[in-house]
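Colleague: Shown below is the structure under consideration.
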Amino acid sequence: MTTALINFFKDASNIFKGGPKYYMLMGILGAIVAVGLGAYYLQFDRGLIVTAMRDQVAWGFYIANFTFLVGVAAAAVLLVIPSYLYKFKPIKEVVLFGEIMAVTAIIMCLLFIMVDVGRPLFVWHMLPVIGTINFPVSMLAWDFFVLNGYLAVNLAALGYVLYCYSQGRPYSLKVLLPIVILSIPMAFSIHTVTAFLYGAAKARPMWNVSILGPRFLASAFCSGPALMLLVFQALRKYEKVDIEDKAIFKISEIITYALGINLFFLFVEIFTDFYSNTLSGVSLHYLFFGIGDKTSLVPFIWTAVVFNVIAFAIMLTPKYRYNFKTLNVALVLMIIGVYIEKGMGLVIPGQTPDTLGEIYEYVPTTPELLISMALWAFGAMIFIALTKFALPKIRASKDFEH
Amino acid sequence: MIKKTRKHPAAINLDRRTFLKGAALGAAAMALPPADADAGILEGFFQKHFREMNDEEIKKVIDRLEKDYSKQFSKEVKVKVTKPMENVVFGYGLDIGRCIGCRKCVHACVAENNQSRDPQIQWISVLKMKKGAKIADFESADRYYQPEQVPEPGQFYLPVQCQQCENPPCVDVCPTKATWKEKDGIIVIDYDWCIGCRYCMMACPYGARRFNWSKPNIPSEQLNPNTHYLGNRPRPKGAVEKCTFCIQRTREGRYPACVEACPVGARKFGNLADPNSEIRKAMEHFRVFRLKEDLNTKPQFFYFFGVKANRAEGGK
Amino acid sequence: MKKMKAVFFTLLATAALSVFLIQSGVHAQPQAEQAAKQQPKQTAAKLLIQAPDTVTQAPKMAFFPCSQCHAAMPANKTERALAFHAEIGLKHMPTGWCYSCHDEKNKDKLKLANGDLIDYSDSAMLCGQCHGATLKEWQDGVHGKRTGMWNGSKVYDNCLSCHDQHQPAFKAIKPMPAPERPEKIIYKKKK
């Protein structure tokens, strides 16, 4: 047992080994993280005043990124369902990478929350037992449990599989299946709870709509797997990981459905708000057309809509969906589109105009952007490190996995 | 113990022993408090939730806070923990027929409640709205009016502050229970327990809550030294604050500062549980309404039109 | 027989006299009250609200007592623009002028509609004649600036504490500064 553990950590040190390209990549990412740390020190010292958030728009770029990443994390389950439940072999191999992505995304989510709160040292107040968590009334309390729970479940699944592989034996489905089955409703729960986080704010008419939950899920299930498909193709190309085309095409089919549903939900929202023309629809009007001379979000949202529509058109056409060049274009457009529409395109207009009718145009400041970039770079580093750790084992498992 | 070293050319030549030594030293170094810190920082870090402290613990916290504030502002600062009175539920009435938008209430509140001057925090927002527009037309409201004289013709003024709702959405969403509704109806915040997540600011339909985006700055000479732990004591950076119906005054029978500052008598305050109080009389005299009633927050803040709006010289 | 007649008439006369005396004594009381009303106490306005709350006094007037000039002058009841007291621009009441409220004979007193004279410090009673609803609200503590204690002794400000009696409508005033716009709130380095 001890030897197994020692071997486990020995293999973990693989993270520090690699070719010059690996070091360059990690070096660049590390540099971005370092710059972000500097910006974070500024924010920690001076307060959140270094961001563009003010009383009128109190949630900004950090929460926008958090919302997008929760979707990415939830999408890992999309790969889990066909693989373990339907034993669709081509996807089975890539499930582990999906879980690595889920773990990375959740860690990034938690970090984005940490940089967003005003008194990060006191976040322990939110813990159960030693703090006073407001469960079950507060949606943030629910988010705390489901996010950490989802992280724990995914870490458990990942850890178990890699542990088995490092021992040179296949994993036992009897142990893994319950964990994996548990992760499916948990993936739905993290995104539903995050949607309820917004929906619970009855002060914000744009968020207090029942379609927010479905919208979140639909946009998660197209952007998350899209990100993963890009990563898989990179792994295929640079690390010679054997991922069958069939797996990629199956996932892209699922993405197409999700993107179509996402566009439909967007259309439904737009119709309801613009046709009824009530005062609660002003937020959407601000987003798409601006109010007066306040139009900072207009180019972004139209870009997002156009990108999503083009991506959907590409994905609908089998000729282009099965062509990697056009597929990748669609995936990139989709990721950018959903990132804008679910991130800044949701968080900011929900608070604009604010509850007393004021319009404050929020434009992220440099420290905010640097810190966010640093967190994305850190996430990339975690993903690469975990992949580096897992890859040799996955390769080795080919020998004993049918 | 046999040293195990990695032979990879680019790897750092680090063996287990050296690593553990360095880690232990690093952790020890971090555990040492900085040279000029005092034990107060650790006490402040581990301070419990206000409602979970017994009287003795509260006294210790108060002593520490009074010392810190007195040192910071070079004057004697008192921090009270006056409990709510029995059989009291506070209610507030505001006559928007009379309000002339002079903002004397805003600045009286700032002075009484030690709000940060820089960055500027003001708990009361006075909204200017056009006569004949929708009632409480927030879409065209303007907070930043600065005419030569008020009231301006054709406008009326709607001051908004914390409505101390009976069904408060802010209390529901707080993840740490740092904000709660007291027995006398005031919704209070334990500033030292608040983690600054600002979810309550998302949930409040009246824009009543303010955040300390940076360390608040109050010139010593302008500090009001009579403070309440849940009210107007100096707040930390990164905590949320809002109107507390001047808890340091009202729990001792005095009126809030805004009520006393209003030059046209537009503000009424009293105990809703007392049928003879002037707030109850105001509710009987006038047809009162509340803002955003459809959200079912049940504010304890009542608006009414006591007279034909703005009969002052400027507002015909 | 003659003696009995004399006793009877004496008794009758005594009875009549005593009845007359008693009657005049009874009627003397209301007269005493009437006399008291004609010199109202300074705290009459306090009768309008509950004791022991405080009623503030009206602000001091420039020239008081008025009788120091007006004792010698006869009252000129012609409605006109005044030469002296010209600075008082009367913008109150749709019709009426000085003697609607001021007493012609006794310039140190105000005149109620029923002819009663009151002190300047009790002017609330005069204002309340036309502004009855406002007077009722003031008595209930619902009209006017509020200071004092909400669960103790309140301060009821006399009408003239806030309203100029000749131009009661509030003048427009300069507002206090507007709040800072959020874009302008930035970090400033402190020493």
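Colleague: Can you give the percent of C-alpha pairs in region B:142-210 whose distance is more than 20 Å?
Modeller: Working: 966 of 2346 pairs.
Cα-Cα pairs in region B:142-210 separated by more than 20 Å: 41 percent.
Colleague: Then there is this: Tell me the angle of helix A:2-12 to the major Cα principal axis of chain A, expressed in degrees between 0 and 90 and rounded to the nearest ten.
Modeller: Long axis of A:2-12 versus the principal axis of chain A: about 60 degrees.
Colleague: Over all pairs of distinct alpha carbons, what does the Kirkwood formula give as the hydrodynamic radius of region C:117-162, in Å?
Modeller: Numbers: mean 1/r = 0.0889 Å⁻¹.
It works out to 11.2 Å.
Colleague: While we're here: At 7 Å along Cα-to-Cβ for each site, give me the label-to-label distance between residue A:253 and residue A:326 in nm.
Modeller: 1.8 nm
Colleague: Could you work out the Rg to Rh ratio of region C:95-191, with Rh taken as the Kirkwood radius (inverse of the mean 1/r over all Cα pairs)? Let's see the in-between values first.
Modeller: Working: Rg = 21.2 Å, Rh = 17.1 Å.
The Rg/Rh ratio comes out at 1.24.
Colleague: Turning to a different aspect of this structure: Mind giving me the nanometre distance, one decimal, between the label points for residue A:12 and residue A:303, set 7 Å out from Cα along Cα→Cβ?
Modeller: 4.0 nm
Colleague: OK, next. Specify the inter-centroid distance of region B:82-158 and region C:89-131, based on alpha-carbon positions, in whole Å.
Modeller: If you average the Cα positions of each part, the centres end up 36 Å apart.
Colleague: Okay, next question. Going down the table (B:78/C:171; B:104/B:237; A:246/A:398; C:109/C:174), which pairs top 29 Å between alpha carbons?
Modeller: Details: B:78/C:171 40 Å; B:104/B:237 27 Å; A:246/A:398 18 Å; C:109/C:174 36 Å.
Among B:78/C:171; B:104/B:237; A:246/A:398; C:109/C:174, the Cα-Cα distance tops 29 Å for B:78/C:171; C:109/C:174.
Colleague: Continuing with this model, one more query. So which trypsin sites (Lys or Arg not before Pro) in region B:164-196 end up in coil per DSSP with only 13 or fewer other C-beta atoms within 10 Å? Walk me through the intermediate numbers first.
Modeller: Working: sites: B:177, B:181, B:183; in loops: B:177, B:183.
Passing both the DSSP loop test and the Cβ count: B:183.
Colleague: Also: Compute the accessible area per residue over the protein assembly as shown, keeping the other protein chains in place, probe 1.4 Å, unit Å². Each step should come with its number before you reach the end.
Modeller: Working: 43160 Å² over 909 residues.
Heavy-atom accessible area per residue stands at 47 Å².
Colleague: Now for a different question. Mind listing the Cα extents of region A:164-214 along all three principal axes, in Å, largest one first?
Modeller: Extents along the principal axes: 56, 17, 12 Å.
Colleague: So, one more: Please get the size of the charge dipole for chain A, origin at its Cα centre, with Cβ charges of +1 on Lys and Arg and -1 on Asp and Glu, quoted in debye to the nearest 20. Can you show the working numbers first?
Modeller: Values: 28 positive and 22 negative charges, 276 e Å.
Value, rounded to 20: 1320 debye.
Colleague: Please identify, among A:317, A:256, A:104, the residue showing maximal mean-square fluctuation in a Gaussian network model of chain A using a 10 angstrom Cα cutoff.
Modeller: Judging by the Gaussian network model, the answer is A:317.
Colleague: While we're looking at this one, here's another question. Tell me, what ³J(HN,Hα) does each residue in region A:379-396 have, in order and in whole Hz, if you take phi through Karplus 6.51 cos²θ - 1.76 cosθ + 1.60 with θ = phi - 60° and put x for Gly and Pro?
Modeller: Going residue by residue, I get x, 4, 5, 4, 4, 5, 5, 5, 5, 4, 6, 7, 3, x, 5, 5, 4, 5 Hz, with x marking Gly and Pro.
Colleague: Additional query: With r as the distance between the Cβ atoms of residue A:130 and residue A:23 and R0 = 51 Å, compute the FRET efficiency 1/(1 + (r/R0)^6) and round to 0.05.
Modeller: Numbers: r = 41 Å, r/R0 = 0.80.
That pair, residue A:23 with residue A:130, gives E of 0.80.
Colleague: Report, to the nearest 10°, how far helix A:61-80 tilts away from the longest principal axis of the Cα atoms in chain A, using its own Cα long axis and a range of 0 to 90°.
Modeller: Between the helix axis and the principal axis of chain A, the angle is about 40 degrees.
Colleague: Output wanted: per-residue J couplings in Hz (rounded whole) for region A:41-55, from phi through Karplus 6.51 cos²θ - 1.76 cosθ + 1.60, θ = phi - 60°, x for Gly and Pro.
Modeller: Those phi angles translate into 4, 4, 5, 5, 6, 8, x, 5, 5, 6, 8, 8, 6, 9, 3 Hz.
Colleague: Let me ask something else. What is the set of long-range amide H partners of residue B:155 at a cut-off below 5 Å, with H atoms built 1.01 Å from backbone N?
Modeller: B:131
Colleague: Another question about this same structure. May I ask for the distance between the Cα centers of region A:202-273 and region A:314-372, given as a whole number of Å?
Modeller: Region A:202-273 and region A:314-372 have Cα centres spaced 12 Å from each other.
Colleague: Moving to a separate point now. With everything on Cα atoms, drop me the angle between helix A:89-116 and the longest principal axis of chain A, reported from 0 to 90° to the nearest 10.
Modeller: 50 degrees
Colleague: Can you give me the Kirkwood hydrodynamic radius for region B:167-252, using every pair of distinct Cα atoms, in Å to one decimal?
Modeller: Details: mean 1/r = 0.0745 Å⁻¹.
13.4 Å is the Kirkwood radius here.
Colleague: Can you pull out the GluC sites (Glu not before Pro) in region A:320-402 that DSSP calls coil and that have at most 14 other Cβ atoms within 10 Å? Each step should come with its number before you reach the end.
Modeller: Numbers: sites: A:341, A:358, A:361, A:368, A:401; in loops: A:358, A:361, A:401.
Counting only loop positions with at most 14 other Cβ atoms within 10 Å, the GluC sites (Glu not before Pro) in region A:320-402 are A:401.
Colleague: Within 10 Å of each Cβ in B:96-105, how many Cβ atoms from other chains are there, averaged over the peptide? Kindly include the intermediate steps, with their values, before the conclusion.
Modeller: Details: counts 0, 0, 3, 0, 5, 3, 6, 5, 3, 1.
Taking the mean over all residues of the peptide, I get 3.
Colleague: Select from region C:49-133 those trypsin sites (Lys or Arg not before Pro) which occupy a DSSP coil region and have at most 14 other Cβ atoms within 10 Å, ordered by residue number.
Modeller: Details: sites: C:60, C:77, C:80, C:91, C:105, C:107, C:109, C:111; in loops: C:60, C:77, C:80, C:91, C:105, C:107, C:109.
Sparse-neighbourhood loop trypsin sites (Lys or Arg not before Pro): C:60, C:77, C:80, C:91, C:105.
Colleague: I'm checking a number: the convex hull volume of the Cα atoms of the protein assembly as shown, normalised per residue, in Å³. What is it?
Modeller: Numbers: hull volume 240.1 nm³, N = 909.
Per-residue hull volume (Cα only) is 264 Å³.
Colleague: Would you mind computing, in nm to one decimal, how far apart the modelled labels at residue A:264 and residue B:305 are, each placed 7 Å from Cα along Cα→Cβ?
Modeller: 4.9 nm
Colleague: How big is chain A in terms of Cα radius of gyration and Dmax, in angstroms?
Modeller: 21.5, 69
Colleague: Per-residue mean of other chain beta-carbon atoms within 10 angstrom of the beta-carbon, peptide B:237-250?
Modeller: On the way: counts 7, 9, 3, 3, 0, 0, 0, 0, 0, 0, 0, 0, 2, 3.
What the average comes to for B:237-250 is 2.
Colleague: OK, next. Taking only the alpha-carbon atoms of region A:103-225, what semi-axes of the equivalent ellipsoid follow from 5 times the gyration tensor eigenvalues under a square root, in whole Å, largest first? Before the final figure, lay out the partial values.
Modeller: Working: eigenvalues 178, 76, 33 Å².
Taking √(5λ) for each Cα gyration eigenvalue gives 30, 20, 13 Å.
Colleague: What is the mean number of Cβ atoms from other protein chains located within 10 Å of the Cβ atom of each residue in peptide B:259-267, rounded to a whole number?
Modeller: Values: counts 4, 5, 2, 3, 4, 5, 9, 2, 2.
Rounded to a whole number, the mean comes out at 4.
Colleague: Related question: For region A:174-284, just the Cα set please: Rg and Dmax, both in angstrom.
Modeller: Over region A:174-284's Cα set, Rg and Dmax evaluate to 18.1, 56 Å.
Colleague: Across 5 Å bins from 0, what is the distribution of all Cα-Cα pair distances for region A:308-402, in whole percents?
Modeller: The calculated distribution, bin by bin, is 3, 10, 10, 11, 13, 15, 15, 11, 6, 3, 2, 1, 1, 0.
Colleague: For chains C and B, what's the summed buried accessible area, probe 1.4 Å, to the nearest 100 square angstrom?
Modeller: On the way: alone 15520 and 17800 Å², together 29550 Å².
For C against B, buried area totals roughly 3800 Å².
Colleague: Right, another one. Could you give the length gained by full extension between residue C:83 and residue C:129, i.e. 0.36 nm per residue of separation minus their alpha carbon distance, to one decimal place? Provide the component values of the computation, followed by the final result.
Modeller: On the way: separation 46, 0.36 × 46 = 16.56 nm, distance 2.88 nm.
Length gained between residue C:83 and residue C:129: 13.7 nm.
The values are calculated or read from the model by the stated rules, or taken from the named source; none is laboratory data. Everything numeric in this text was worked out from a predicted model, so none of it was measured. Counting neighbours? That spans all protein chains shown, and the Cβs are built from the backbone with ideal geometry, glycine included. Surface accessibility is based on the protein's heavy atoms, side chains included, excluding ligands, DNA and RNA. Shrake-Rupley method; radii C 1.70, N 1.55, O 1.52, S 1.80 Å.
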